[in-house]
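The values are calculated or read from the model by the stated rules, or taken from the named source; none is laboratory data. Since we're looking at a predicted model, the values are computed, not measured. Cβ placement follows ideal geometry from the backbone for every residue including glycine, while neighbour counts extend to all protein chains displayed. These accessible areas exclude ligands, DNA and RNA; they are computed on the full protein's heavy atoms, side chains included. Shrake-Rupley method; radii C 1.70, N 1.55, O 1.52, S 1.80 Å.
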Amino acid sequence: MIKISNIEKCYHTDELDIVALNKMSIEVDEGEFVAIMGPSGCGKSTLLNILGFLDDPDSGSYVFNGVEVTHFNERKRAALRKQNVGFLFQNFNLIDDLTVFENVELPMIYTGLSTSIRAKRTEEILDKMHIDQRRKTYPRQLSGGQQQRVALARAVVNSPKLILADEPTANLDHDNGKEVMDLLNELNKDGATIIMVTHSENDAKYSHRVIRLPDIPVSIKKQ
């Protein structure tokens, strides 16, 4: 499903060039659950952004479902995101002025689905995530665990082939974190490919394998 080869990514400031990814190569098969681990600042989130078509590498190759996508423009990357990727973030990223139902429904609005289909899918996924009883509630009225379940519902409502999770339990207590990981595990068993960035060895045990990024990005001082 995913094959990246010799990916490089460098961020430029006035004083420094920071090499976030240095000739990285990985492959992920369809249906895998992969954990990405490593110290803070080692390029985990940069890698996730590239995998999710939020950013493109400076060099190297990214093949997704047999198609070279490395130098797609933003319009093409956006189309790939909508059709294939669901994102789950540690800070939930819910919209405070929308209800639970409206937050989950939102990704489907951009795909042009009818109101009736959107409503049906939203109800189904809220039920699956055990949050249907809070459909009219606003995010600020929910616990952290409930907010993450809503965020997960939003991430999967379009049935994406790939779920990218960035520290999905970092802001949750043990019980709520376990519940979120159990839900991700269930989605993986249903066929979703999951790539998860985590610092938690316990969360990583849910994955099929762990990719460790031990290297801290190199900062090169400009002359």
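Worth a mention:
- Of the residues T111, T193, T46, the one that moves most in a GNM of the chain with alpha-carbon contacts below 10 Å is T111.
- C-alpha center-to-center spacing [the stretch 14-64, the stretch 103-118] in angstrom: 30 Å
- Long-range amide H partners of L21 with built H, under 5 Å: K9
- Segment A79-A170, extension gain: residue separation times 0.36 nm, minus the distance between their alpha carbons: 29.8 nm
- Chain lengthening between I26 and V69 when straightened (0.36 nm per residue, less Cα-Cα): 14.0 nm
- Using θ = phi - 60° in the Karplus curve 6.51 cos²θ - 1.76 cosθ + 1.60, the 3J(HN,Hα) couplings for the stretch 95-110 round to 8, 4, 8, 10, 5, 3, 4, 5, 4, 6, 5, 3, x, 6, 4, 6 Hz; x is entered for Gly and Pro.
- Excluding ligands, DNA and RNA, the accessible surface per residue across the stretch 54-121 is 55 Å² with a 1.4 Å probe.
- Mean projected area in nm² (Cα convex hull; one quarter of hull surface) for the stretch 1-122: 9.9 nm²
- Pairwise FRET efficiency - N185 versus S5, Cβ, R0 = 25 Å, nearest 0.05: 0.30
- Shape call, the stretch 102-212: gyration tensor on alpha carbons, a/c limit 1.5: oblate
- Expressed as a whole percent, the accessible area of the chain that falls on carbon and sulfur atoms is 48 (1.4 Å probe).
- Of the residues I7, N73, S114, the one whose Cα sits farthest towards the positive end of the charge dipole of the chain is S114 (charges of +1 on Lys and Arg Cβ, -1 on Asp and Glu Cβ, taken about the Cα centre).
- Difference of contour (0.36 nm per residue) and Cα-Cα distance, T115 to L16: 30.7 nm
- Among L94, L16, L162, residue whose mean-square fluctuation peaks in a GNM of the chain (springs only between Cα atoms under 10 Å): L16
- Whole-Hz Karplus values for the stretch 37-47 come out as 10, x, x, 4, x, 8, x, 4, 5, 4, 4 Hz, taken residue by residue from phi with 6.51 cos²θ - 1.76 cosθ + 1.60 and θ = phi - 60°; glycine and proline positions read x.
- Put simply, the Cα atoms of the chain extend 58, 38, 35 Å along their principal axes, the longest span coming first.
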